[in-house]
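Okay, so here's the structure we're looking at.
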Amino acid sequence: MTKKLETLFGFDKLDNEETVISETMTTEETRTAIVEIDDTIDKIDAALPAIRDLDASDRELDDIADLAKQSYEDLTDLGMNVDSRFAAELFAVAGNMLGHALTAKTTKLNKKLKMLDLQLRKLKLDQDAAKRSNEIRNLPTAEGQVLSRNDLLERLLSDRAQKDI
């Protein structure tokens, strides 16, 4: 490959970068993230009393998260009690379970936020519709007459004459 092609496709930058960015979270970071998501979900639940038809799916997501957390704890305990060559796989699966718990909580939070967004959009549309209907009702109405040019001039001159008096 030529240098021009390498720079065009950005391969020269890949050769110079030796740092690898890891996007994995430690167990403690995952636990704190789950706790923060739980708190946020509780706040959203308190703010949205109108959304109650979705309780079944909320319970299912909570059950999945609880089951995944319980599986994580069981696998961690088992990993501590087995030979070290088998423990790595157990801990990897335990981390997966914690990831599933986090995904379930995040899904629940995203669903609540989407419903909140839809409610806010509906409220805005309702307010805009009410505003437009009020503007239509409050339009000034008037009555008019068809006058010739001479009649109009005569009225204007008579109005001036009355003001001068």
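The values are calculated or read from the model by the stated rules, or taken from the named source; none is laboratory data. Quick caveat: nothing in here was measured; it's all calculated off a predicted structure. Cβ placement follows ideal geometry from the backbone for every residue including glycine, while neighbour counts extend to all protein chains displayed.
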**Prompt:** T24: modelled with pLDDT under 85 and part of a helix (DSSP H, G or I), yes or no?
**Reply:** no
Filtering the range 74-90 down to residues that are β-branched (V, I, T) and in a helix (DSSP H, G or I) yields T76
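S148: of a type in the set (S, T, Y) and more than 21 Å from T26 (Cβ to Cβ), yes or no? Working first, answer last.
Working: of a type in the set (S, T, Y): yes; more than 21 Å from T26 (Cβ to Cβ): yes.
Judged against the criteria, S148 is a match.
Return the only residue of L98, L123 being at pLDDT 85 or above and of a type in the set (A, V, I, L, M). Even if it seems obvious, please write down each step before you answer.
On the way: L123 fails: at pLDDT 85 or above.
Being at pLDDT 85 or above and of a type in the set (A, V, I, L, M) holds for just one of L98, L123, which is L98.
Condition test on D15, is it surrounded by 12 or more Cβ atoms within 10 Å (Cβ to Cβ), at pLDDT below 70 and part of a helix (DSSP H, G or I)? Walk me through how you get there before you give the answer.
Numbers: surrounded by 12 or more Cβ atoms within 10 Å (Cβ to Cβ): no; at pLDDT below 70: yes; part of a helix (DSSP H, G or I): yes.
Judged against the criteria, D15 is not a match.
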Filtering the range 79-105 down to residues that are buried (at least 17 other Cβ atoms within 10 Å of the Cβ) and touching a residue at least 60 places away in the same chain (Cβ under 8 Å) yields G95, L98, A101, L102, K105
Conditions (1) modelled with pLDDT under 80; (2) not in a helix (DSSP H, G or I) -> A130 fails only (2)
